[in-house]
Amino acid sequence: MNASPAAVDRPPSQVTVVGAGNVGSTLAQRLLEHNLANVVLIDIVAGRPQGVALDLAQAAGSEGHNRSIVGTNDYQDTAHSDLVVITAGLPRRPGMTRDDLTQTNGKIVIETVRQALAVSPLASIIVVTNPLDVMAYLAWRASELPPQRVVGMAGVLDSARFQRFIAWELGVPPQEVSAMVLGGHGDLMVPLPRYTTVGGIPVGELLSADRLAELIDRTRNGGAEIVQLLKQGGAYYAPASSACVMVEAILRHQRRILPLAAHLSGQYGLDDLYLGVPCRLGRGGVEEILELSLTADEQAALARSAASVKQQLQGALALLEV
Ligand code: APR
């Protein structure tokens with residue numbers, strides 16, 4: 001039987017996941033089980049990525065996927081990847097802010113990006129390591145790629161948390177809620193109720209301002225609430241899901257509009273930093289940054305968030321010179 005050209009499968013994409021910890025291994029699992037890509041999982045700890053890979057490979061039959069997974073400590077094995085997702089680094093401990101992590105994780109992100117890109121020069125990068133906006137900037141500079149090809153995962157997660165809390169409050173499925181959160185992935189993030197709808201209805205028409213303020217607060221502390229409960233490590237199921245949404249948008253060229261950390265060069269009056277804004281995400285990375293019209297209060301909140309990211313960034317730029 002002759003297959004038409006359209007019916008011929010392209011070779012599967014390959015995604016390198018750097019960091020075989022909680023987020024990295026959960027992301028690898030989702031990529032495989034969604035049949036999205038072959039995965040190479042790399043970590044600095046000997047045996048860890050190999051063990052996780054073997055475990056995940058043994059689930060292939062039960063899960064009914066036919067994607068491959070390799071665990072390694074050698075970047076050569078990651079060569080020719082289409083996408084590199086950086087999850088390497090330390091997670092936050094209770095009482096530790098994202099800023100405390102900047103120096104340690106900054107070194108790790110710069111080093112891992114350089115090594116991964118040396119063997120996969122055509123790859124795009126998704127950064128997951130915190131503090132996210134600063135790490136995304138460092139990854140971009142270390143990669144020497146056009147900024148469109150380096151993005152950070154935070155807005156999808158923050159919006160998913162806001163979506164979840166609103167859906168619980170109103171007793172609707174989360175899919176009914178379309179939530180929008182801008183700004184840095186930190187306490188100063190900017191959830192936007194005006195751009196958040198439930199079944200198409202602006203959420204402000206369904207919830208009182210006080211209740212909405214409480215849900216916004218819980219969203220801002222979404223990661224910290226989980227850190228407090230777990231006592232060791234941070235959230236990873238929802239972060240891995242959010243990263244998977246972004247991988248899919250890129251590999252399948254979905255051109256979805258998602259909030260993510262992108263490089264700003266004048267948009268929203270902000271210049272030369274990574275910050276969460278709505279973007280159209282496709283095969284080439286960020287195809288477009290959408291500029292929402294913000295009220296004076298929203299714009300001021302975004303500027304405050306940006307100033308805090310810039311300040312953290314100043315202390316980390318020297319890491320690029322090593
Ligand atoms: N190269 C490769 N892997 C590294 C390196 C390095 N230089 N340094 C650390 N790692 C690995 C660790 O060995 C560990 O397996 O990164 C992994 C991190 O995993 P976890 O400690 O389980 O952390 P996780 O919960 O996965 O979070 C990772 O994502 O959401 C963010 O805040 C979170 O920054 C953190 C990151």
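Every number in this text was worked out from the coordinates using simple rules, so none of it is lab data. Here the structure is a predicted model, which is why all the values come from computation and not from measurement. Positions of Cβ are backbone-derived with ideal geometry, glycine not excepted, and every protein chain shown enters the neighbour counts.
When the alpha-carbon atoms of the range 155-321 are used, the pair Rg, Dmax equals 16.1, 51 angstrom.
Taking a sphere under 15 Å around the Cβ of VAL286 and counting the other residues whose Cβ falls inside, with K and R at +1 and D and E at -1, yields a net charge of +1.
Annotation for the range 110-135 versus the range 152-185: alpha-carbon center distance of 26 Å. Result for the chain in a Gaussian network model with C-alpha springs under 10 Å: among ASP43, ASP100, ASP187, the largest mean-square fluctuation is at ASP100.
The percentage of C-alpha pairs in the range 11-152 whose separation is greater than 27 Å is 17%. The tail of the calculated P(r) for the chain beyond 34 Å holds 21 percent of all Cα-Cα pairs. The magnitude of the dipole of the range 226-322, with charges of +1 and -1 set on the Cβ of Lys/Arg and Asp/Glu and taken from the Cα centre, is near 400 debye.
Counting only the Cα atoms, the range 155-237 fills a convex hull of 93 Å³ per residue.
Positive contributions from Lys and Arg (+1) and negative ones from Asp and Glu (-1), summed over other residues with Cβ under 15 Å from the Cβ of GLN50, come out at -3. Coupling constants for the range 13-19 follow from the phi torsions by the Karplus curve (6.51 cos²θ - 1.76 cosθ + 1.60, θ = phi - 60°), and in residue order they are 5, 10, 10, 8, 10, 8, x Hz; glycine and proline get x. With θ taken as phi - 60° and the Karplus curve 6.51 cos²θ - 1.76 cosθ + 1.60 applied, the whole-hertz 3J(HN,Hα) list for the range 243-250 is 5, 5, 4, 6, 4, 5, 4, 6 Hz, x standing for glycine and proline.
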